[in-house]
Amino acid sequence: MPTATYLPPDTPRAETRRTQIRAAAEQCFRQHGFHGTSIAQISKAAGMSTGHIYHYFENKEAIIADIVAQDVERLLTLTAELRSASDMRSAMVARAVEGVEDNLDPGAATLQLEIVAEAARNPRVAEIVRTADRQCRESLRETIRTLRQAAGHRDSKATLSGMVEALAAMFEGLQIRTIRNPDLDQDAVVQTFRRMIHDLLTQPS
């Protein structure tokens, strides 16, 4: 594996290049799968040399780590916004629309399922995915705890964790459904999710 001298990740030039490579890799992973994609293919899609790819990423696993990190950042930003909302429950129900749209996007779903499939085979990718999942679960659990506590509920950690897993299963399951049934009624799904989230958040302790 080529040895690279990496630019500091917070420089504007480095971030621009990493974004360019990440977008090219996402395109290649969707089209060819993780194993069917080579660094040479990513470099061609990114419009830069293979050496430039290695300048920013050590290997394909490192690119996946960067993709996953972006997803974590979006989720953490979302949960922080929800916790700062004046009406957290209404805010969470309202954001169901965005969550359904995101998870029913065929391109995004294909990429996420490819990453999860690789995690099932590759211990390094599994650790990336599981570490990210722990961060997201903890932030969402704290968001739900804050919301429920404000409404007078006192839930155990196990109860809150169960709610988090139910929400995760609901939204992540849409990624499979959009592949199996691309003609599903998105509006109907949104309305059903709104009711389910409302019921979940207001159930007795």
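For Ala14, are the conditions met, namely being outside the structural domain of Gln175 (by TED's automatic domain parsing) and either under 27 Å from Leu167 (Cα atoms) or at pLDDT below 90 (or both)? The answer is yes for Ala14. Among the conditions (1) in contact (Cβ under 8 Å) with a residue 24 or more places away in the chain; (2) closer than 21 Å to Leu201 by Cα, Ile115 misses just one, which is (2).
Looking at segment 1-110, the helices (runs of 4 or more DSSP H) lying wholly inside it that each contain 2 or more residues that are of a type in the set (Asp, Glu) sit at 12-32, 60-84, 96-104. On inspection, Ser86 passes the criterion of being surrounded by fewer than 20 Cβ atoms within 10 Å (Cβ to Cβ), among the hydroxyl-bearing types (Ser, Thr, Tyr), assigned by TED's automatic domain parsing to the domain that holds Gly173 and farther than 20 Å from Leu167 by Cα. Taking segment 170-205 as the range and being among the hydroxyl-bearing types (Ser, Thr, Tyr), assigned to a helix (DSSP H, G or I) and over 17 Å from Met88 (Cα atoms) as the test, the residues that pass are Thr178, Thr192. Inspection of segment 127-140 identifies no residue that is at negative phi, over 17 Å from the mean Cα position of the chain (by Cα), in contact (Cβ under 8 Å) with a residue 12 or more places away in the chain and assigned by TED's automatic domain parsing to the domain that holds Ala65.
Looking only at residues that are surrounded by 18 or more Cβ atoms within 10 Å (Cβ to Cβ) and touching a Ser or Thr at 6+ places or on another chain (Cβ under 7 Å) in segment 89-125, which one is nearest to Arg148 (Cα to Cα)? Going through the qualifying residues, I end up with Leu104.
Restricting Leu147, Leu167 to residues that are surrounded by 12 or more Cβ atoms within 10 Å (Cβ to Cβ), in a helix (DSSP H, G or I), assigned by TED's automatic domain parsing to the domain that holds Val93 and over 20 Å from the mean Cα position of the chain (by Cα) narrows the list to Leu147.
Assess whether Met48 counts as being of a type outside the set (Lys, Arg), in the same structural domain as Ala119 (by TED's automatic domain parsing) and over 27 Å from Ala120 (Cβ atoms). Spelling it out, it is not the case that Met48 is of a type outside the set (Lys, Arg), in the same structural domain as Ala119 (by TED's automatic domain parsing) and over 27 Å from Ala120 (Cβ atoms). So in segment 170-205, with the set limited to residues that are polar (S, T, N, Q) and over 14 Å from Ile144 (Cβ atoms), which one is surrounded by the most Cβ atoms within 10 Å (Cβ to Cβ)? Checking each candidate, the answer is Thr178.
The values are calculated or read from the model by the stated rules, or taken from the named source; none is laboratory data. Just so we're clear, the structure is a prediction, and the values are computed from it rather than from any experiment. Ideal geometry is used to build each Cβ from the backbone, glycine not excepted, and the neighbour counts take in all protein chains shown.
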